[in-house]
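Q: Below you'll find the structure I mean.
Only the coordinates and a few stated rules stand behind these numbers; no lab work does. This is a predicted model, so every value here is computed, not measured. Every residue, glycine as well, gets a Cβ built from its backbone with ideal geometry; the counts of neighbours run over all protein chains shown.
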Amino acid sequence: MNRRDLLAVGLLSPLHAAVRGKRILVLCTGNSARSQMTEGFLRSLDANLELFSAGTAPAARVNPYAVAAMREIGIDISKQSPKHVREFLGQSFDFVVTVCDDADKNCPNFRGKVGKRVHIGFPDPAKATGTDEEKMAIFRKVRDDIRIRFREFYTTQVR
């Protein structure tokens, strides 16, 4: 049951429903790196946010370099898993945020209400080549860019 259903049947009080944070869906293509890192970072900023991430063509697993890069800053995304955006099309969100150009161009129409659609794009770190350390350097750069831009997004639009 979602929050609206719980409220309708009296299992959630209107006060509790009002205290809950905004619902945010972060969307990219593979849902293995950028969107997962963004979800983890936003969750670290505000535990009241209802955060989800998905992909238009989800990968089999979260990229291990993304997990390692986030672990370096104390955020654990190792239990997250890629999901297809189809799972969320009927739901309502305060924000649907695309973090890659492909997902921005191919963002589906949601049947649920979407308050605001935002695009904050980043290069795909999963395309990095080279040694493990060279790949990690790319993931760190994207992680740090996500941290900067989504702290600003949170401060100016979400909070």
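Q: Quick one: putting +1 on the C-beta of Lys and Arg, -1 on the C-beta of Asp and Glu, what dipole do you get for the chain around its Cα centre, in Debye to the nearest 20?
A: 480
Q: Given points 7 Å out from each Cα along the Cα-Cβ axis, report the residue 119 to residue 48 separation in nanometres with one decimal.
A: 3.2
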